[in-house]
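Single-structure report; data block below.
Every number in this text was worked out from the coordinates using simple rules, so none of it is lab data. Remember, it's a predicted structure, so these values are computed and weren't measured experimentally. Note that each Cβ is placed from the backbone with ideal geometry, even for glycine, and that neighbours are counted across all protein chains shown.
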Amino acid sequence: MNNLRWLVVFFAFIATGLSFLDRQVLSIAILKIQEDFHISDTQYGWVNTSFLLSYAIMFTLGGWFIDRAGGKKGLAWSVGIWSVANTLHGFMSNFSQLLAFRFLLGMGEGGAFPGAAKTVYTWFSPKERGLANGIAIGGSAIGAVVAPPLTIWLTNLYGWRSGFVVPGIIGIIWVVLWLFIPWNKNALAATGPEAAQPRVPIRRLLAVRQTWVFIFMRFLLDPVMYFMMFWTPKYLSEIRGVSYERIGELFWLPFLALGISNIFGGWFSDKLAIRTQSMNSARKIVMGIAAVLTMMLPMTEWASSVELAVGFMCLYMFAHGLWITNYITAISDVFGSVATSTVVGLSGTAGAISSLILNPMTGKIIANYSYTPLWIASGVLYPLAFIGFIRMIPRLTPVFASQTTKN
């Protein structure tokens, strides 16, 4: 079972990698799609909004479903839906179809991170959970690393449509292999039989202060990450004058930093937990370091070279990796097997709603003003969120009696 659990977390790593790869393809391919279909920046904003709308809905519904069905079934459905949706992007012929396929992609991807969090909690003990979460969600960064060069390579060889079809087929293959992994619930060392855990109704979760703190943090911070994902290639192209091919050479670097910090942040947090004998201190120390590092992001606007600007983006992504790994692990510390996926889902929905509201505004701000206000705002939000976090949740302790995690 020890070897099997690392195989399971590796598959979760691949799943989150595919999720970011599939959503990131459009941010590169849009430079070609706009030429073919004459899609404006405002329309591109609405395309992203279509994804975020379904993503927001399915983050909560997906988390709720996965807490009841388990990580295996939940991730299989999630990856299957978004892989089909991504493949359909390769057959679009107009703006309306792009909106529809993007909406379907969001429906599938809403279950990715709740499913990964549920899987890790099921298979790993508290002292290993930070590293396991870091590996599982670290795949998202690797997917984003692969997306720019892969998309550009496939585009140059076979056209931009292949950038959607090839990853979509890979995702369908993943589902088939995932379903063959044995899932012996009675042998799970970390938490016992998955099906035996009680479930907490959403209305009860919403009566708990900690739930709202985690929700508010994602509502505040997710727009920064979506700004980096959806708009940075256009920033490099339009403001910095970077060529299409050069974007492919540079844009993967920030996501590599994210992937490294996802894993490092989880490992470092676990080591701190052992040393301090406090999950609370370990998670918050790493998140505090991350909040300080994000304050350098506004320097992107005034960097003297493209390479230095990308360096500041890398620093932000490194900080975000530290933050998000320990944020999700903190949720599992507080809510355990009874509600981890649901709370990850609720908070993800909040972040997607916030981004959904702000994404069209982002396009208008860029069109009418510049990127400067967006860079500045991005640099102050993490410290504000961290201050609120440590004030509203002084200690990360389980909120339901059925949990036994020691903090």
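Here are a few things to note about the model shown:
- With the simple spin-label model, which puts each label point 7 Å out from Cα in the Cβ direction, the GLU35 to PHE180 separation comes to 4.1 nm.
- Given the chain, longest segment not containing exposed loop trypsin sites (Lys or Arg not before Pro) (DSSP; at most 13 other Cβ within 10 Å): 1-198
- Neighbour-limited loop hits for chymotrypsin sites (Phe, Trp or Tyr not before Pro), the range 299-407 (at most 11 other Cβ within 10 Å; DSSP other than H, G, I, E, B): TRP302, TYR369
- The order of HIS38, HIS320, going from fewest to most other C-beta atoms within 10 Å of their C-beta, is HIS38, HIS320.
- Over the range 247-396, relative contact order from alpha-carbon pairs under 8 Å, at least 6 apart, %: 33
- Karplus-derived 3J(HN,Hα) values for the range 104-114, using 6.51 cos²θ - 1.76 cosθ + 1.60 with θ = phi - 60°, are 5, 4, x, 4, x, 6, x, x, 5, 6, x Hz; glycine and proline are entered as x.
- Residue order, fewest to most beta carbons within 10 Å, for SER237, SER140, SER93: SER93, SER237, SER140
- FRET efficiency for LYS73 and ALA207, using Cβ-Cβ distance with R0 set to 30 Å, rounded to 0.05: 0.60
- In a reduced charge model with +1 at each Lys and Arg Cβ and -1 at each Asp and Glu Cβ, the chain shows a dipole moment near 1400 debye about its Cα centre.
- Mean sequence separation of contacting Cα pairs (under 8 Å, at least six apart), scaled by the length of the chain, corresponds to a relative contact order of 26 percent.
- Listed values for the range 20-36 are Karplus-derived 3J(HN,Hα) couplings in whole Hz (6.51 cos²θ - 1.76 cosθ + 1.60, θ = phi - 60°), namely 6, 4, 5, 6, 7, 4, 5, 5, 8, 5, 4, 5, 8, 4, 4, 5, 7, and x replaces Gly and Pro.
- Here the calculated FRET efficiency for LYS271 and PHE10, from their Cβ-Cβ distance with R0 = 30 Å, stands at 0.90, rounded to the nearest 0.05.
- Positive-end residue, the chain charge dipole about Cα centroid, Cβ charges, pick of SER370, THR294, SER125: SER125
- Per-residue HN-Hα couplings for the range 325-341 [Karplus 6.51, -1.76, 1.60; θ = phi - 60°; Hz; x = Gly/Pro]: 4, 6, 5, 5, 5, 4, 4, 5, 5, 8, 10, x, 6, 6, 7, 4, 5
- Cβ-based charge dipole, the range 246-327, positive-most Cα from PRO254, MET313, TRP323: TRP323
- Annotation: amide H of ILE393 has no partner in the under-5 Å range at sequence separation 5 or more or interchain, hydrogens built in the peptide plane.
- Computed extension length for GLU238-ASN156: 27.4 nm, one decimal, from 0.36 nm per residue of separation with the Cα-Cα distance subtracted.
- Taking LEU26, LEU272 and counting other C-beta atoms within 10 Å, the order from fewest to most: LEU272, LEU26
- Given LYS72/LYS284; LYS73/LYS284; LYS32/LYS234, the pairs whose alpha carbons are separated by over 22 Å: LYS72/LYS284; LYS73/LYS284
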